[in-house]
Structures are given as structure tokens and as C-alpha cells.
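Notes for the one structure printed next.
The values are calculated or read from the model by the stated rules, or taken from the named source; none is laboratory data. This structure is a prediction, so every number in the text was calculated from the model and none was measured. Counting neighbours? That spans all protein chains shown, and the Cβs are built from the backbone with ideal geometry, glycine included. Protein only, heavy atoms only, side chains kept; ligands, DNA and RNA dropped before computing areas. Shrake-Rupley method; radii C 1.70, N 1.55, O 1.52, S 1.80 Å.
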Amino acid sequence: MFLGKMRKFGLGNPTSGVSFLSSFQGTSLGNVCHRHRKHQRKSKVLRAKSSQKTSLKDDKNQPEFEQQRTESGRDIHSSIDRRQLLISSFTAAGLPLISNQSLAAPIQPPDLTQCQKAALPPGAKSVNCCLPEPTKVIDFQFDSSLPMRVRKAAHLVDAAYIKKYNQAYELLRNLPDNDPRKFSQQASVHCAFCDSAFLQPNTNDFLEIHNSWLFFPWHRWYLYFHERILAKMLNDDTFALPFWNWDNQSVASPLPNVLPAVFIENPSLLDKLRDPLHQPPTLVDLSYSGQDEGLDPTSQRAANNNLMYQQVVSGAKTPSLFFGQAYRAGDANAPGPGTVENAPHGTVHVWTGDSSQPNYEDMGALYSAASDPIFFAHHANVDRLWTVWKSLGGRRKDITDPDWLNAEFVFYDENASLVKVKVGDALSIDKLSYTYQNVGNPWIAVNSSPLSKSSSVAGTKPVSSNGVASPATAEATLLEEIEEFGEEVEGKFKKLEGSFRSKVKRPVKDLFRKLKSQITDEELEEVLVIQGVEVPSDKISKFDVFINLPDADDKTPLNIPEFAGSFVNVPHLGMGPGMNRKATLRIGIGDKLEQLGIKDLSDVIVTLVPKGKGKDVPIVIKGIKIEYD
Ligand code: C2O
């Protein structure tokens, strides 16, 4: 496969992040190792010369980096695929052979003494994300003396709790500046691990805990220590964070799916940088694109329920769909998020952040998100969804790969000691002595209830009498006319300007079955893969994916079965302005094909619809395919 790519060296590719190393002038045929190059951020493009020679600039082992431009003239800095860079050698025929750099080892914690200031764009609050340097690191031990703490829904907490909760943050905000437990330091932890403060040990790639399988466990540990620190402030080991129950579409008062009053009415829990248009009683839009759709409450609730069902139940039947893609030592960061990380996680961030701020601070940009105390309640709900997901059965279980289980992080604990933890110790909240108030998750069953009648589907293609777009007709009338974009090949890309539709071939399941012998046929999940998604990392962008609805556009409602999932970019400023984020979007579609009655067809029609702010930023994709997981 690599060799296949190599033969195409030298082909121009306006947005390619694939690095081309062709030949090396005057150097031995040994390894080409990119070591720490001080200011070389990850997102430069290594471009091959058409002569198939890589010119070497100031350093014999440093190929030349150049920026490239998109058609629109905007700088696109694609990230290097480091796995292809580290080791290079030549085959007997003189063709370069580049091996995967992935070390097949778990991610290690960063060296806190090697912190760089995050590169933040104009308009960003000045934040130094670096953490206090530790004297020593201790290994995490489970504390069996801890009482079981119950995290309650934020809309249901009582006055006594609110008083303590507010007091805890007041104390946290007033700690001395260099205390790692101080609230501003706690917020910096999040910035440091997502905005390029640390390099992954022994690489020159930034350590990033979003957009990969590290997302859920890292945030669980982050909340765990934050909660323990709050408990310490109060001298109350029973203290637990609340969770913001935005997935709950109940109409009973107090509403769970609005900004909880506790974060508005209490000075230490209030953050001024929140969207003024999204105050109660405005309902959360779990599919928020950076622009308000103005749905009536009933339609908003239906869309939210459908999104939840989609992202947690039907679209996330396998560990990799739910957790996101593998990220091991030596891998380029942020390979691709799981369903929930995109939405509702990312969408609620952007919905909460202040749209009048340049970067949707605080919640709407990763570097500043944790400066708002609501961050921790938002993530408590995300964390709760991990436990809900595991309770749904089938293959919905934790990842068993040792490179996930043994990945390690460091956090300051309630005693201001630096503690090393691993993913494998975060899998049971029971062992961590906390649990969640049982609030019910009605969206789990949304599939069995009739989908809302939506007259607004008019304008999208065939609509049957019950208001649900009729897949069979769409298939019959349009399949022939729709072209196949096909899977990723060098040189091909598509900039999404408005809706983009493509026919996608369904491969023969048998081939995949052989690779996954331990998985039964019924359990083998069909996955739609949008390859080579590339967006400016510092801009909000979103596109929605529809199956079998060729004419879907940005007016198409999301509470219909054809809606299959979303790609969401929460501004990621530390990557630097103008830098691109690259990712793969994977969406489980097995249930959906069944629901739409098209599981026996050989092709499906996929429509990608840029939404909201996403319509204004260049979104590029490189391929669409279906595989089995
Ligand atoms: Cu670390 Cu909600 O992001």
C-alpha cells in the first residue's frame, strides 16, 4: 500500500498532507529522522520536487518545507504524516520505501519541564498553558477509603449543594497563582494538552488528547482530579461534580437541556463569555453549527433525541466508532474522533461559547474552554455517556488494545502532587468511587418511536405520507445519475461548496469477515468512512452526513432517519492560525441501512452538507468509502 503511494511521487496535490520523500541528495540511505526542530509546528507540508529530488535546505536531514495554497488562495498547511517520515530506505529497484513510524507502543506522558507557549491567534485571551514544574511524579493508587460520590444532574441539585459548589470554586479561584490546583491552573491543564504545549516524548509532534481514542479516558481523569481538588477545598470527600444533562429532552421544569441556572446565578460558577443568545429558556441545539436554526422547541427536542440515538446507539456499535481512532506513540496526533466527541460534545462547546468573541471563547475554543466552570459539568455528562454506552450491549465495550490501556497521563492531585495515571485504570467508575444519578436516557429508544412528522422535509427529495423521506424512491430515481467519488487516491480531493453527493459502493463483507474472525457476522458493523477531511483548525466548521437523501441541503432537518452523523471542528487555536486539521470521519451505518430498507443494495448514496459557519470555511475531503469494522 505504501509502495503504491510512493510510485505516485511528484504528482501535485493541492491539499495533500502525505509527504513525499523521493531521493536524498548526498546522504546515506539510512533513516531520515525529524528531531525536534524548534519552531517547526506539525502542520507544514513537505512537497516533492517534480524532479523527484528533495532539496535539502540548511540541514542535510531536513527536507524542505513549503506552504501550499488551495484554489481559494488560502494557505493550507497540511500536517505531515509522521509515520511515513521517520524511517526511509530504498528498495533494490531504487524506489523509496517508507515504513510506518508508529511505534506500536502506548502514548507516554509529556515532560512538563519542556513546555512551549501555545501559539494563539490574534484576539485570543493571553494564556500561558504551561503547568508548574513538578519535583517528582507519583503513581496513581486507588483510594479505597473514599466514599462513593454521586454526581447529580445540574438542574436537580439543591440549595445546600449549590452553596458548597459555589464556595468550592471561590476557594479554588483564590489559591496562590503558582498552586497547580488554582482554578486558572486547572483551566491551563486543558489548554496544555490540546494546544501544542507539549511534544509527545521522542517526537516532534504535539501531544493532543482530542480527536482520538484518548478523548474519553483523558477527560475522565481530568475530571476525577478536578473533583478531588474541589472536595479538598471543602474538606468534604463526598463532594461530587454535577453533570449538565443536555441529552435529556424532558419538558418538565426545571429544564435539563438549557444552560443550568446554577451556572448563571452563582458568582464563582458564572462565566461572562457565554453566548448571550443561548440563555434559558433557549434549548440546547446538540447539532449546533455556529448558527441558530430557530427550530421550535418540539422540533429541537426531536432533533436532539435523534442525534443522541444516532451518536450513542445506532452509529456507535463498535469501540472504534465510539472512542475514536487509535493514537499510539509516534503517531501523528488527532487521527479522528469518535461519534460523541464530534457531537454532542463539540457542538455543545460551540453552542455555549460567546459568539461575539473572536474565537467563541470561552467554551467554544479548546484552549479557553475549561476557564468556564460549566466545562466540567459538560464533560461529566460526556463521561456519563461512556457508562451509558457500555450498558447498551453488543460490542459496546472498552477497547482491549494494550496501547490504549497502557497510555499514560499526568495530573496534579488534591495535594498538589503530580500523579501518573493510565487509561486502563479509568475504565471502572466504581473503582474510582463515583457514580451518576439515574436520570433515564429516553433517547436510547428513539428508534422505536415514530419519527416526528416534519413538513419541513419538503424540498428534500421523496417524502412519503408520514413525512419521513422515502429511501426506496430516491434509490430508484437517482442512483443512476449520481457519480461515485470513490476512495482516497493521490491527487484527488473535493472542496465542499454546498451539498456534495456521491454513490458509494458497499464492499463484500466476506473479505472483512476473514480479518475479524472473532466477530460474528451480525456484529460486523458497516462503516461509512469520509477520508482526508481537512479544515482550518482555528475555525468552527461542521458538515452533516445523510444517507439515501440525494438532495439533502442545509435546510434538511436532522430528526429524520437519513441523517447519519456529523463532522464538527471546535476551534483549536494552539495549532496556530492557518493550520489545518486533518481527520477521518467514520460513521456506523448498519442499523441505518436497515431502518431505511436498503440493506440489500450494492450502493448507497451519501450526501455531505456543510452547515452554519462551516459553509464559510474551506472543507476538503479526499475520499468516501465503506468498510466493515
Ligand atoms: Cu477537552 Cu470538551 O474538550
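What area, in nm² and to one decimal, does the C-alpha convex hull of region 280-330 cast on average over all directions?
About 5.4 nm², averaged over all directions.
Label-point separation (nm) for Ser428 and Val508, each offset 7 Å from Cα along Cα-to-Cβ?
About 4.5 nm separates the two model spin labels.
Under 15 Å Cα-Cα from Lys163, which aspartates and glutamates qualify once same-chain neighbours fewer than 8 residues away are excluded?
Candidates past the 8-residue exclusion: Asp236, Glu265.
Given H placed on each backbone N at 1.01 Å, which residues far from Ile589 in sequence or on other chains put an amide H within less than 5 Å of it?
Under 5 Å from the amide H of Ile589: Glu526, Val527, Leu528.
Mind checking the full-extension length gain between Ala105 and Val489? Use 0.36 nm per residue of separation minus the Cα-Cα distance, one decimal, nm.
Here the segment from Ala105 to Val489 would lengthen by 135.4 nm.
For region 246-287, with every protein chain kept in place, what is the accessible area per residue (1.4 Å probe, Å²)?
In whole numbers, region 246-287 has 41 Å² accessible per residue.
Between region 124-147 and region 215-244, what is the C-alpha centre distance in whole Å?
12
With charges set only on the Cβ (+1 for Lys and Arg, -1 for Asp and Glu), what does the dipole of region 203-301 come to about its Cα centre, in debye to the nearest 20?
With only Lys, Arg, Asp and Glu charged at Cβ, the dipole is about 260 debye.
Please work out the Cα center distance from region 186-207 to region 373-393, rounded to the nearest Å.
24
Relative to the present Cα-Cα distance, how much length would full extension add between Thr400 and Ala252 at 0.36 nm per residue of separation?
This chain segment gains 49.2 nm when fully extended.
For Lys136 and Glu480, compute 0.36 nm times the residue count separating them, minus their Cα-Cα distance, and round to one decimal in nm.
Full extension of this stretch gives 117.3 nm more.
Quantify, in whole percent, the carbon and sulfur part of the accessible surface of region 296-343 (1.4 Å probe; protein heavy atoms only).
Whole-percent figure for carbon plus sulfur exposure: 56.
Which FRET efficiency value, to the nearest 0.05, is calculated for Asp177 and Asp521 with the Förster distance at 51 angstrom and r the Cβ-Cβ distance?
Efficiency at R0 = 51 Å is approximately 0.30.
Compute the accessible area per residue over region 524-587, keeping the other protein chains in place, probe 1.4 Å, unit Å².
Result: 14 Å² per residue.
Going by amide H atoms built from the backbone, whose H comes under 5 Å of the H on Met579, apart from near neighbours?
Distant-sequence amide H within range of Met579: Ser537, Asp538.
Could you compute the FRET efficiency for Leu146 and Glu497, with r as their C-beta to C-beta distance and R0 at 45 Å, rounded to 0.05?
For Leu146 and Glu497, the calculated efficiency is 0.25.
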